């Protein structure tokens, strides 16, 4: 759940700002003013006034399906190239769940460098209720402990069918798009259907001096409406891999959908439509 930047995603959600790295989903409002800490990277003591990039890593999308409960662990791995050669990778893992009423529970954990002594920490708990149209973002690293209450616009669904890509020539000589049906394969003992969409861009697109490609591969469990494996790769985003493990199709613990004890609530709802809208990770 997170505001999307559609190059990806979408995932959801905390902004990755210079030394502050957060993995979020597809579109949620949990990224406001996240501060860096000792595990986010070395502090140079230099105030940077020019340059830099703000990026958002969108995680998996969980639709509010009815009668399709599950719990799982989402493993995220984000690898990007170094200018001089080689790569650097950040990882985390987090718990997610959905009950038969379509309510969604998601933990957000800070990304940590793979193989380092830095430990990931949970910084946000999200609880969405499509029946009451409420979204709570509970910030675990801030004092005093608070949850913000937003409007959740999605309604309960019986079936979720993501958009299907096509094979076509893109307009304005941008390039071409290729859609592939990868068939069926079991993941975690669950049948999934795979698709792969590749976009081949011509030289000159986005100021490029040579052709380049990017692709998205998804293995979706149709009856759950979620991807058990997602892969997004391209020169602008590196390679992002999301894998679900420990998938349990039993009803999750109802306590997950209760607010953490000791947290106050700040109601940010208004009569105007909320800016929040989950965006699929495709």
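Read the figures in this text as sums done on the coordinates, not as results from a lab. Bear in mind that the values here come from a model prediction, so they are computed numbers and not experimental data. Virtual Cβ from ideal backbone geometry, glycine too; neighbours counted across all protein chains shown.
Residues 160, 105, 263 in ascending order of nearby Cβ atoms (within 10 Å, fewest first): 263, 160, 105. Going from the residue with the fewest nearby Cβ atoms within 10 Å to the one with the most, 224, 82 rank 82, 224. The modelled label-to-label distance for the pair residue 87/residue 236, using points 7 Å beyond Cα in the direction of Cβ, is 2.0 nm. Here is the tail figure for the stretch 162-282: Cα pairs spaced more than 17 Å apart come to 70 percent of all pairs.
Figure the gain on full extension for residue 143 and residue 202 (residue separation times 0.36 nm, minus the Cα-Cα span) and round it to one decimal in nm.
16.2 nm
With Rh defined as the Kirkwood radius, the inverse of the mean 1/r over Cα pairs, the Rg/Rh of the stretch 57-126 is 1.10.
Sorting 50, 197, 172 from the fewest to the most surrounding beta carbons within 10 angstrom yields 50, 172, 197. Sorted on the mean count of surrounding Cβ atoms within 10 Å across their residues, most packed first, peptides 208-218, 120-130 read 120-130, 208-218.
Give me the extension gain from residue 209 to residue 268: residue separation times 0.36 nm, minus the current Cα-Cα distance, reported in nm with one decimal.
16.6 nm
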